[in-house]
4 protein chains.
Amino acid sequence: MNSASFRVGILTGGGDCPGLNAVIRAVAKSLMLQHDAEIIGIRDGFQGLIERHVEPLEYVDVSGILTRGGTILGASNKANPFSYYRRGNADVSAEALKTYQGLGLDGLVTIGGDGTMSIAHRLAEMGMNIVGVPKTIDNDLVGTDETFGFDTAVSIATDAMDRIHTTAQSHHRVMVVETMGRYAGWIALHAGTASGADIILIPEIDYDVEEVARVCQTREDSGQRFTIIAIAEGATPVGGEMAVRERIEDSPDPLRLGGIGNMLAHDLKDRVTSAVRTTILGHVQRGGSPTAYDRNLSTTFGAMAAKMMADGQFGRMVAYQNGGFTSVPLSDVADKTRTVGLDNPLLRSALAVGTSFGQKDLSNIKS
Amino acid sequence: MNSASFRVGILTGGGDCPGLNAVIRAVAKSLMLQHDAEIIGIRDGFQGLIERHVEPLEYVDVSGILTRGGTILGASNKANPFSYYRRGNADVSAEALKTYQGLGLDGLVTIGGDGTMSIAHRLAEMGMNIVGVPKTIDNDLVGTDETFGFDTAVSIATDAMDRIHTTAQSHHRVMVVETMGRYAGWIALHAGTASGADIILIPEIDYDVEEVARVCQTREDSGQRFTIIAIAEGATPVGGEMAVRERIEDSPDPLRLGGIGNMLAHDLKDRVTSAVRTTILGHVQRGGSPTAYDRNLSTTFGAMAAKMMADGQFGRMVAYQNGGFTSVPLSDVADKTRTVGLDNPLLRSALAVGTSFGQKDLSNIKS
Amino acid sequence: MNSASFRVGILTGGGDCPGLNAVIRAVAKSLMLQHDAEIIGIRDGFQGLIERHVEPLEYVDVSGILTRGGTILGASNKANPFSYYRRGNADVSAEALKTYQGLGLDGLVTIGGDGTMSIAHRLAEMGMNIVGVPKTIDNDLVGTDETFGFDTAVSIATDAMDRIHTTAQSHHRVMVVETMGRYAGWIALHAGTASGADIILIPEIDYDVEEVARVCQTREDSGQRFTIIAIAEGATPVGGEMAVRERIEDSPDPLRLGGIGNMLAHDLKDRVTSAVRTTILGHVQRGGSPTAYDRNLSTTFGAMAAKMMADGQFGRMVAYQNGGFTSVPLSDVADKTRTVGLDNPLLRSALAVGTSFGQKDLSNIKS
Amino acid sequence: MNSASFRVGILTGGGDCPGLNAVIRAVAKSLMLQHDAEIIGIRDGFQGLIERHVEPLEYVDVSGILTRGGTILGASNKANPFSYYRRGNADVSAEALKTYQGLGLDGLVTIGGDGTMSIAHRLAEMGMNIVGVPKTIDNDLVGTDETFGFDTAVSIATDAMDRIHTTAQSHHRVMVVETMGRYAGWIALHAGTASGADIILIPEIDYDVEEVARVCQTREDSGQRFTIIAIAEGATPVGGEMAVRERIEDSPDPLRLGGIGNMLAHDLKDRVTSAVRTTILGHVQRGGSPTAYDRNLSTTFGAMAAKMMADGQFGRMVAYQNGGFTSVPLSDVADKTRTVGLDNPLLRSALAVGTSFGQKDLSNIKS
């Protein structure tokens, strides 16, 4: 490695997310062009930092990657320096710090979700100069109103539901479509509303299966012989998550289960006259080329992280709040979840145009 | 209904398939414009014929539907006049004939798969003037080299696999993607090849899980730290379908099962070092707007069916063979399945570029 | 028409824009479901109001239109009640008012751009109860940070530039791509940045053709043998719009001109060694199904307009500002244009990653 | 370069075409895996052969390129060894042969259109072992029923026309859409039919502008207030190509011209009451990721070319005829054009459903 005056590492943590490469490109190009910096790519998230698996990124390495899904750096969901799965969950953070120092890094850009930000915060307290970039298709990070990857996930889920719509309509079906969203209903809400789902079930509002069945049957009785239900993977019926587990374990027909979408379909089968079918969208929601919107959000986040790195604003995560770009302390982000509020304008609009959230009224809800 | 000299009925049978509306439009417009015919739309497949649920189709009804998924006529998967589910599986074919005669139909266009063609053949023997149009996203009808809906299904599955590819690559995963195809592997073969799947498993070639695992591991050991597996829903391991059933019933972890894709992932988990994930594409493959290719195939089939109807060529199905359009007797099509041959050029090409079909060699196979 | 207690008209003005139908649906469904209102569709913008060309919209009329491009109400670019093209540009606003009163309307929702809002403002002053919904693919309306249709236009332009990118790269071309945007560079900026355009030329920054040529040639000399230039239709070279007109009139080869994209290509031809090609994206940017993002923006705008109508908040336009939904007086919006500021975060990010705006520095610019 | 027993060169000639990389991958992987061959990539078409601009392709170089547009080898439209533009159009074929021999090539795969096949044929006569692969988005090569890139071009043009359709319909326009196709109307026919164009104008059938105007006006008078016209760039009015040239040179308003699409719009303006707009699709039709269909056609062509190379079947081009794969002598392909016949099933179907080809009857036509 050469003797550049300014040397910055970059890593991507957590699950796949469209826009990772766009952020890497923006961080690297901005620092190279404006500060003549040397960029060190760290492989497979924190694993590369622990095991010093790194490589310099040249300009050509980050050219032409804007539109590509995945991450050229590789990622690991599991590599936590404070509890490292490859060493019996030992704290190996000292090794991570040693790599950081040994490489002569002036700073480290960490792109990831709340888990990554939590680790980044602890590493920052050990003395690393860190700037975080928020990443999750679920859009459930606190501190920022938007995360890249979300618009792409919503677009993919919407396309899928558009397709399923025509089948439901022609073949008089109740179609259950399970989207991602373990802790928050953002994808189900946005894709459901965008595709005109009749019922949207999200983790923030426990659904009453009787009410769901009632809506399906009312539609059928009034001549609209189909219903589309968007359900987030983390949605739960009234009675909560325990009920789901018990139901699944006791099921006489376990093969039909295997996710909340299947469980809902199972429960509806005897309550509605139409046939019920389930589709679990799964991994397609988090791969592939990002939408134009996500590419631009990624580029702006990346360029901003580069500027913060150059300006010495460490220990913070770039963020988008109230229509503008800003930053927040890493500590504010770690290990928290941003859920859909009942006053959310899109949720309110969905209600206004007749979408059901699986409860007769919304007074008795969680969030 | 007016006193048009020529009156033709039309119905769509079986599951959803992109291009149904394009066929309806082409049949109706061709007969209206060229033969001043009156078109009678029969609702929900043979159910509408049995229960005389019909409506005249005007020119405006079939305008603007070319690009839309689904069927404006509705469809039923289950309505068989020779064993009608709404009357205790009684033979109600006489009622179907009564509707046909009561409406004064000169002919009936039936759009459907092998089940529909089988019924159409029997109705033709009772005296109806029938022209069939082949329909199945699975492309497994005999008598025709191509069916509309297939290109769309392949395109959708390919898009999904493209997305999953980036995640597999970045996150070092074995990704199992289950496509439709209960009896034949056309979708898995075409989408798998189009997206560069490393392993393609189809019903025509029983797979050996040890061989599948070996390919995954060889890739990983040689530095290609991911594998994409396309598997048709009807694929089976060596030992066959019985083995699948038994395995599922005895499973200690039934929740993880629920389809051959999940079963394969389960079997691979302990045989490869990478994490294994499954995606079941499901219903998205059969809905939504058809590709340009399918729209044109549908339009050509429809215009040709109209011409056959006008020319009095009854009891036959339009077909595409050896690069040209022709027709075949309905009796040739009924209740048969066209599978992928081992001499298929695409299968041979896939082998040549290094795709595995889950057997060390292909000498020991079914078809 | 029945004797509903609450009767609201709705019209769409100006050019086509993805999301119009989604707004119509949200306005109508919200008012029907929550206020038992009767909705009157006014045909072809203000033309229908002047000539009393109207029809009641039933629930079924606004179902299933969420995903469709265009407007079910029809539109007219030219129908201004204060200067009506079909009556020798006479002021026929009294007739518009007569229709409004004759129909017994309690209010009118006008969906359109700055021209529509300007007319709406004057009609409001005559006593009509009006709520406006902002519409322009160009995103250049003042009073709101976002307008529906813009995300779709950017997505389409980005897809096109992605395709052109591969040709430029393989065939060593300078590719000029002209986007919409007569007064503001939003589409060129967003689509250019999203597709990694090397040079982006917008109305807000006069470009220097020598500088543009220099960037192309520098790229070529350094081994990157292609350049992508995104140019808004309203961009002008240093010297301004007059220069463009003169140039075009005096051109010895007028056939090659016909838009700023062609003129730029003409000017570059002798200044760079690569071949230069132009693509004018044109009308594809404003048609077809809206993106998920635009569908949701449209639905929220529509539901909000319905609420304002019910609450009696007239003479205002719904708006999106600083990340939240609000409203502004119609008078604030009329006949103004919102341009890209030099402090725009995306423009700054584009500069940081090496995009040129056709001037060696940005100190000498208009906005 | 190592001492592999078998060494094969590969080059891509002519304009851009989706699927080029898929062919390169299939040729290279097949020969590497099945024949342990060494592959030499020749840069920028025949230019690299003349100037010995080459590089060995490793397995990793051809991995992951299946889905990418463009060509990793680069291409040149102009480099003809028998008339080389960089040497005053001299015959430098001896240098091309010298490179071929100097590299110790056992054979050369040339991917290109009729120009490339013509050159390949002459080089084969000089002693090179050549296998050709047919490439043109225009689908107008003789000897093969299909060429890769065509399905992608049709899909892109169809998407564009779908978008333009909604605007035409909402805004009561005559929309003229110019597609590629200088000598043959395949793209205009297929995309026009797939998107439901009302009028399709192709080089094979001279159009009568009065008839075109009559169809537009008849539609308008009958209440269908819009018309979509798909026109191939090579279409000509009755009176032929000379008339076009003269018209353009004499035009009082030359700025509005610049392509047959613009000329048609100009001619229609005074003949129909609706406003007329033109869109020229241009380069977007030949770039970007290929459709699943084209990827598979490319892969099959490539694997087949590899097999022919290994089997010593030189001087031939792979081809698709009558639903099967075969090959034809290069001499049969050179400098010819395959046009749309009047008996083409899709053209006949389009006629049947009411599409006009710009002549009152089709008896008085060219092909």
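What order do D:V238, A:V60, A:V8 take when sorted by accessible area (1.4 Å probe), most exposed first?
The ranking, largest first, comes out as A:V60, D:V238, A:V8.
Around D:A275, which amide H atoms from residues at least 5 apart in sequence, or from another chain, sit under 5 Å from its own amide H, with H modelled in the peptide plane?
Result for D:A275 returns D:V174.
Take chain D, connect every pair of alpha-carbon atoms lying under 10 Å apart with a spring to form a Gaussian network, then pick out the residue of D:D16, D:D311, D:D151 with the largest mean-square fluctuation.
Taking springs between Cα atoms under 10 Å, the residue moving most is D:D311.
Please compute, for peptide B:62-74, the average count of beta-carbon atoms on other protein chains lying within 10 Å of each residue's beta-carbon.
Mean shielding by partner chains, rounded to a whole number: 4.
Compute a Gaussian network model of chain C, connecting alpha carbons closer than 10 Å, and tell me which residue from C:P345, C:P329, C:P56 fluctuates the most.
Greatest mean-square fluctuation among the candidates belongs to C:P345.
For B:G358, which sequence-distant residues (separation of 5 or more, or a different chain) have an amide H within less than 5 Å of its own amide H, given hydrogens modelled in the peptide plane?
Long-range HN contacts for B:G358: B:I200.
Just the number, please: carbon plus sulfur as a percent of the accessible area of chain D, 1.4 Å probe, no ligands or DNA/RNA counted.
After summing per-atom areas, the C and S share lands at 44 percent.
What is the spin-label model distance, in nm, from D:F6 to A:Q101 if the labels are put 7 Å beyond Cα along the C-beta direction?
Roughly 5.7 nm, to one decimal.
Convert each backbone phi in region B:87-96 into a coupling constant with the Karplus relation 6.51 cos²θ - 1.76 cosθ + 1.60 (shift: θ = phi - 60°), then list the ³J(HN,Hα) values in order as whole Hz, x for Gly and Pro.
So the Karplus estimates, Gly and Pro as x, are 10, x, 6, 6, 7, 10, 4, 4, 5, 4 Hz.
Computed FRET efficiency, Cβ-Cβ of C:T326 and A:E210, R0 22 Å: what is it to the nearest 0.05?
Efficiency, rounded to the nearest 0.05: 0.05.
Could you work out the local net charge near B:G127, counting Lys and Arg as +1, Asp and Glu as -1, over the other residues with Cβ closer than 13 Å to its Cβ?
0
Compute the accessible area per residue over region C:20-166, keeping the other protein chains in place, probe 1.4 Å, unit Å².
Solvent-accessible surface per residue comes out at 31 Å².
Which ³J(HN,Hα) values in Hz, rounded to whole numbers, follow from the phi angles of region B:167-184 under the Karplus curve 6.51 cos²θ - 1.76 cosθ + 1.60, where θ = phi - 60° and Gly and Pro get x?
Each residue of region B:167-184 in turn: 5, 4, 5, 6, 10, 6, 10, 8, 10, 9, 10, 8, 9, 6, x, 6, 10, 9 Hz.
With the other protein chains left in place, how much accessible area per residue, in square angstrom, belongs to region D:317-367 at a 1.4 angstrom probe?
44 Å²
Through the Karplus equation 6.51 cos²θ - 1.76 cosθ + 1.60, θ set to phi - 60°, convert the phi angles of region B:322-337 into ³J(HN,Hα) values in whole Hz; use x for Gly and Pro.
6, x, x, 8, 8, 9, 9, x, 3, 5, 6, 9, 4, 6, 10, 10
As a test of reading the structure, rank A:K29, A:K307, B:K269 by solvent-accessible area (1.4 Å probe, protein chains only), most first.
The ordering from most to least exposed comes out as A:K307, B:K269, A:K29.
Whenever you get a sec, line up C:Y320, A:Y85, B:Y84, A:Y293 from highest to lowest accessible area (probe 1.4 Å, protein heavy atoms).
Accessible-area ranking of C:Y320, A:Y85, B:Y84, A:Y293, largest first: A:Y85, A:Y293, C:Y320, B:Y84.
Please report the net charge: other residues with Cβ closer than 13 Å to the Cβ of C:N21, K and R +1, D and E -1.
Charge balance in the 13 Å sphere: +2.
If you put a point 7 Å past Cα along the Cβ direction, how far is that point for C:A90 from the same point in each other copy, in nm, smallest first?
From this label point to the equivalent ones elsewhere in the assembly: 7.1, 7.9, 9.4 nm.
Which parts of region A:185-209, residue by residue, lose 50 Å² or more of accessible area when the rest of the protein chains are there, as against the chain isolated (1.4 Å probe)?
Relative to the lone chain, where solvent access is computed with a 1.4 Å probe, region A:185-209 loses at least 50 Å² at A:A194.
For A:Y207, what residues show an amide H to amide H distance below 5 Å, using hydrogens built from the backbone and excluding near sequence neighbours?
Amide H neighbours of A:Y207: A:T236, A:V238.
What is the average number of partner chain Cβ atoms found within 10 Å of a Cβ in A:222-232?
1
How big is the A-B contact in terms of buried accessible area, both chains counted, 1.4 Å probe, rounded to the nearest 100 Å²?
Rounded to the nearest hundred, the buried surface is 2900 Å².
Check each of the trypsin sites (Lys or Arg not before Pro) in region A:134-192 and keep only those in coil by DSSP with at most 14 other C-beta atoms within 10 angstrom; list them in order.
A:R182
The values are calculated or read from the model by the stated rules, or taken from the named source; none is laboratory data. The structure presented is a predicted model; accordingly, all values stated were derived computationally and were not measured. Cβ coordinates were reconstructed from backbone atoms using ideal geometry, including for glycine residues, and neighbour counts include every protein chain displayed. For the accessible areas, the whole protein counts, side chains as well, though only heavy atoms, and no ligand, DNA or RNA atoms are used. Shrake-Rupley method; radii C 1.70, N 1.55, O 1.52, S 1.80 Å.
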